[in-house]
Structure formats: C-alpha cells, structure tokens
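I have placed the structure first, in the form of structure tokens, so that the comments after it can refer back to it.
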C-alpha cells in the first residue's frame, strides 16, 4: 500500500513538473503572429557583413538580436537595430553596419511596439509604411535616421499620440511637414534634418509644448519662421539652418528662457537682428550667418552675456562694433566678417583672442587684429 501511494505521489509530482514546463515554455515563447511578422520584416532586408539576422531563428523571437518583449505578455515591444553600435559583434567585425532593402509593412502587425529603431544602415530605401500611424498606436520612439528612405512623412503621423521621439534625419524624404504633426502632444525630440522637405513649417508648431529639441535644418523649407516657436517653453535647441526661409526673425524668440542653441544660418532672412536675442542671457550658441540681415549691431551686451558661439557673418550689418561687448562674461567664437561694419575694433576681451578672419571683408573696420590702422 505504501509503495502504491509513493508511486502515485511520484507520478503526480512528475505531472506537475511537466505542466510547469509546458506553461513556462508557452509563456517564454513569443506569439507565432509576432514571430511571423518579424520574419517578414527580416525577409525584406539584406545585412551581408555582420550576420545579425542569423540569430533570428527558433520559436522564441524574444531572444533574437535587437528584439525585446513585454515580460508579462511576451508580445514584441521593441525593435532596436542600430548600424552604428558598440556591440561586440560590430567591434569584432571592425566596421559599422550596412543594410539594403526596405521596411516591410508587416511591421504594422506588431501592434504592441513601443520602440522602433532601424537607424544608420546607410542604404535602406523605400518609403515609411503608410500603415504605421494607424497600427502602432503604442509607439513612443520612431527612429529611422541615417538611411535612404524616400517618399512622404505619413500625413496622419499626428495620430500617434504616445510618440515622444521622431527621428527621420539623414534620409531622402520629400513632401511637406504634415500639419497633423502638431497633435503629438508628448513629443520631446523632433529631428527631420537633412532631407528634401519643402513647403512651410506649420504655423501652430507651438502646440508641441513638451518639445526640447526641434531640428529641421538641411531641407528646402520656405516661408517664415513661426512665431509660435516661442510658446514651446521647454525648447532648448532649435535648428532651422540651411533652408530657404524668408522674412524677419521673430523677436519673441529672444524671450525664451530655456533656449540655449539657435541656428538660423544659411537662409534668406531679412530685417534687423532682434535686440532680445543678443540680450538673452540663456543663449549659448547663436548663428545668424549667411542671411540678408540689415541695420546696426544692437548695443545690448552686458555682464550676463555668455556666448560660446556668436556668428553674424555674411549679412548686411552696418555701423560700428558696440563697446559693451567688452563687458560680457564670455564670448568664445565671434564672427562679424563679410558685413559692412566700420570704425575701430574695441581693445580688450574678447577681441584680444580673435584673429583677423573674424573681421574680414567689412567696409572700414580698423585696429588690431586688422592690418588697417585707424
């Protein structure tokens, strides 16, 4: 009797262990639908050197290179594939990543994705799948920087209400900046730089009040600089350089207390430099070069002025150099060349550490470090 009871107990224990193994396996393996979608995504790409997709085998896609899953549901939540990486796989190969192909619309079947990063692979082409905004409503990060993606930004991009990072820089994207973009109320980082975007910047872009970086440089954007940028009180970095923007610089930008970097160079801006920009003690980098700015250099500098870069070159500025620049806390790189300035260059800091190139090609500047005497 005792032997029978022991055998029965042992059998029950084995059955329980087997059941636990089955349950554990079913929990640890990703859903077949997610696995299939990933394999379709992989099939549209070719990575010839590192072999990262060789890890994409077996039933548990949560263990595949660059794939992350929700620990509770095992649904695929992250795809992080960077062509520039410190991963040992890259270091061993002694090279950065290279990949061809395109982004499969099968990505849209991974409807629990919160992070989609396919960045710096240099030769991925095709368009952004139009289904992404409507299907990936949980996405927080969309980063496709450093490829050769073309086509338009999906017009309904604004429906992705949880998006915090949108980085499409260094591609070949055309069309305009979608008006729906201003609906991304949680967006903190926007980088659309170095594409082929045309048209104007949405006038109500100031609705993106959570944004800290807005990089739209290196496109073909036209129209004026929206005044509403000044309403983004968290904005620290604004780069609109190397476009075709026209009109005056909004004086309201000078009232932005968090703004530390403002690059507006290489546009077609006109009018005078707002005094509020030069008197803003928070601005650290200000580049207004290569525009059509006119008038005199505002005499608004003081002990609170701190510029690591102040570049006003290649404009139509006239008059003399304000002596109040001698009272500033710090000016590192100062470039006033290629204007119509005149008069004696003040003696003292910051002028004593600058060379003649900072003052070249003006009408009648004289004194050190210029060769022309006064």
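Would you call residue 289 modelled with pLDDT of 95 or more, part of a loop (DSSP other than H, G, I, E, B) and in contact with a strand residue (DSSP E or B) (Cβ under 8 Å, 6 or more places away or on another chain)? The answer is yes for residue 289. Restricting attention to the stretch 280-297, the residues that are surrounded by fewer than 17 Cβ atoms within 10 Å (Cβ to Cβ) and closer than 22 Å to residue 247 by Cβ total 4.
When you check residue 278 against the structure, is it part of a loop (DSSP other than H, G, I, E, B), outside the structural domain of residue 324 (by TED's automatic domain parsing) and farther than 26 Å from residue 199 by Cβ, yes or no? Against the criterion (part of a loop (DSSP other than H, G, I, E, B), outside the structural domain of residue 324 (by TED's automatic domain parsing) and farther than 26 Å from residue 199 by Cβ), residue 278 does not qualify.
Regarding residue 78, is this residue under 28 Å from residue 183 (Cα atoms), at pLDDT 95 or above and either touching a strand residue (DSSP E or B) at 6+ places or on another chain (Cβ under 8 Å) or in a helix (DSSP H, G or I) (or both)? First the steps, then the outcome.
Numbers: under 28 Å from residue 183 (Cα atoms): yes; at pLDDT 95 or above: yes; either touching a strand residue (DSSP E or B) at 6+ places or on another chain (Cβ under 8 Å) or in a helix (DSSP H, G or I) (or both): yes.
Criteria met by residue 78.
For the stretch 247-263, the candidate set comprises residues that are modelled with pLDDT of 95 or more, part of a loop (DSSP other than H, G, I, E, B) and surrounded by fewer than 22 Cβ atoms within 10 Å (Cβ to Cβ); within that set, the residue that is nearest to the chain's Cα centre (by Cα) is 260. None of 139, 116 is buried (at least 17 other Cβ atoms within 10 Å of the Cβ), in a strand (DSSP E or B), in contact with a helix residue (DSSP H, G or I) (Cβ under 8 Å, 6 or more places away or on another chain) and in contact (Cβ under 8 Å) with a residue 12 or more places away in the chain except 116.
Which one is farthest from residue 262 (Cα to Cα) among residues in the stretch 297-317 that are part of a strand (DSSP E or B) and free of Cβ contacts under 8 Å to residues at least 40 places away in the same chain? Explain how you work it out, then say what you get.
Taking the stretch 297-317 as the starting set, the residues that turn out to be part of a strand (DSSP E or B) are 306-311.
The next check asks that each one be free of Cβ contacts under 8 Å to residues at least 40 places away in the same chain; those that pass are 306-310.
Values: 306: 14, 307: 11, 308: 12, 309: 10, 310: 10 Å.
Residue satisfying both the conditions and the ranking: 306.
For residue 180, are the conditions met, namely being over 16 Å from the mean Cα position of the chain (by Cα) and closer than 24 Å to residue 135 by Cβ? Yes, satisfied. Of all residues in the stretch 270-279, those being surrounded by 18 or more Cβ atoms within 10 Å (Cβ to Cβ) and touching a strand residue (DSSP E or B) at 6+ places or on another chain (Cβ under 7 Å) number 1.
Say we look at the stretch 231-246 and pick out the residues that are over 19 Å from the mean Cα position of the chain (by Cα) and surrounded by fewer than 20 Cβ atoms within 10 Å (Cβ to Cβ); which of these is nearest to residue 187 (Cα to Cα)? So, considering only residues that are over 19 Å from the mean Cα position of the chain (by Cα) and surrounded by fewer than 20 Cβ atoms within 10 Å (Cβ to Cβ), the one nearest to residue 187 (Cα to Cα) is 231.
Within the stretch 153-175, track down each residue that is more than 17 Å from the chain's Cα centre (by Cα), under 21 Å from residue 125 (Cβ atoms) and crowded, with 17+ Cβ neighbours inside 10 Å. Result: 154, single match.
Could you say whether any residue in the stretch 32-40 is in contact (Cβ under 8 Å) with a residue 24 or more places away in the chain, closer than 16 Å to residue 124 by Cα, out of contact with any strand residue (DSSP E or B) (no Cβ under 8 Å at 6 or more places or on another chain) and part of a helix (DSSP H, G or I)? Yes, because at least one residue in the stretch 32-40 is in contact (Cβ under 8 Å) with a residue 24 or more places away in the chain, closer than 16 Å to residue 124 by Cα, out of contact with any strand residue (DSSP E or B) (no Cβ under 8 Å at 6 or more places or on another chain) and part of a helix (DSSP H, G or I). Of all residues in the stretch 350-372, those satisfying the criterion of being in contact with a strand residue (DSSP E or B) (Cβ under 8 Å, 6 or more places away or on another chain), part of a loop (DSSP other than H, G, I, E, B) and over 14 Å from residue 315 (Cβ atoms) are 350, 354, 367, 372.
The values are calculated or read from the model by the stated rules, or taken from the named source; none is laboratory data. Since this is a predicted model, take the numbers as computed values, not measurements. Here Cβ is always computed from backbone atoms with ideal geometry, including for glycine, and neighbour counts include all displayed protein chains.
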